[in-house]
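Have a look at the structure below before the remarks.
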Amino acid sequence: MKLSTFTVRDWVYVAVFGALWGALEMTLGAYLHVLFPPIANTFFTGLIMAGIGVAIALVGRYFVNRPGAVLSIGIITTLLKVLSLGGIKIGPVVAILAEAILMELALLSKTPPTRWRYVLAGTLAVGWNFFHKFVMMRLLYGKGITEVYLKMVKDGSQALGLDIGYAVAIIGVLFLFRVAVGAAAGWLAWRLGRLVARRIA
């Protein structure tokens with residue numbers, strides 16, 4: 001990954017898409033936290049923002065077809081998030097950086113990325129949203145995996161309307177839903193990138 005090979009035009013695209021992702025995190029993200037109740041907020045707000053952010057970053061990668069582009073977009077988004085009026089919130093910062101790193105790893109190749117690499121990148125990035133809660137609850141509050149798992153099952157049963165006895169099914173649905181959203185975000189980013197590129201060509 002050699003950022004020195006980026007042209008001025010590349011950096012402009014990186015800045016634009018990073019700023020767009022960051023602006024949505026500060027505006028739409030804050031609005032969704034107010035809109036959704038706490039239980040739904042646990043699942044849907046992070047999932048919605050992850051899906052949108054991943055799509056934006058991957059469209060940006062389509063225009064800057066160089067290794068390091070997605071990570072650079074993620075770093076700009078993180079800086080904007082840190083400088084927002086709400087102050088530093090370690091959870092979203094870690095989530096954004098983790099998503100950017102996972103997308104970057106999925107797209108690393110000597111050959112140009114394909115549609116299915118975009119789908120993989122989106123799946124990995126949004127899929128992280130599931131594991132993010134386990135990691136952050138452990139790091140910030142010292143809670144064990146079992147405790148976080150039980151809390152997730154309880155909240156998930158209420159959000160999905162399933163009996164708490166179907167714990168494995170609840171966890172499976174929550175994870176697979178993220179995988180589906182991530183794959184859709186990657187596919188949409190590929191299509192949207194191609195469409196916009198043709199329009200401005």
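The values are calculated or read from the model by the stated rules, or taken from the named source; none is laboratory data. Owing to the predicted nature of the structure, the values given are computational and were not obtained by experimental measurement. A quick note on method: Cβ atoms are made from the backbone with ideal geometry, for glycine too, and the neighbour counts reach across all protein chains shown.
Here are some notes:
- Test: residue in the range 31-46 that is under 29 Å from LEU176 (Cβ atoms), assigned to a helix (DSSP H, G or I), of a type in the set (A, V, I, L, M, F, W, C) and at pLDDT 90 or above: no
- Test: residue in the range 94-109 that is under 17 Å from GLY46 (Cα atoms) and either charged (D, E, K, R) or over 15 Å from the mean Cα position of the chain (by Cα) (or both): yes
- Index of the failed condition, LYS154 passing every other in (1) at pLDDT 80 or above; (2) within 22 Å of PRO92 (Cβ to Cβ): (2)
- Filter result for GLY165 (in contact with a Ser or Thr (Cβ under 9 Å, 6 or more places away or on another chain), farther than 26 Å from ARG66 by Cα, at pLDDT below 90 and surrounded by fewer than 17 Cβ atoms within 10 Å (Cβ to Cβ)): yes
- LEU80 being surrounded by 14 or more Cβ atoms within 10 Å (Cβ to Cβ), farther than 19 Å from VAL16 by Cβ and of a type in the set (A, V, I, L, M, F, W, C): no
- Qualifying residue in the range 125-148 (condition: surrounded by 15 or more Cβ atoms within 10 Å (Cβ to Cβ), at pLDDT below 95, closer than 20 Å to VAL59 by Cα and basic (Lys, Arg)): no
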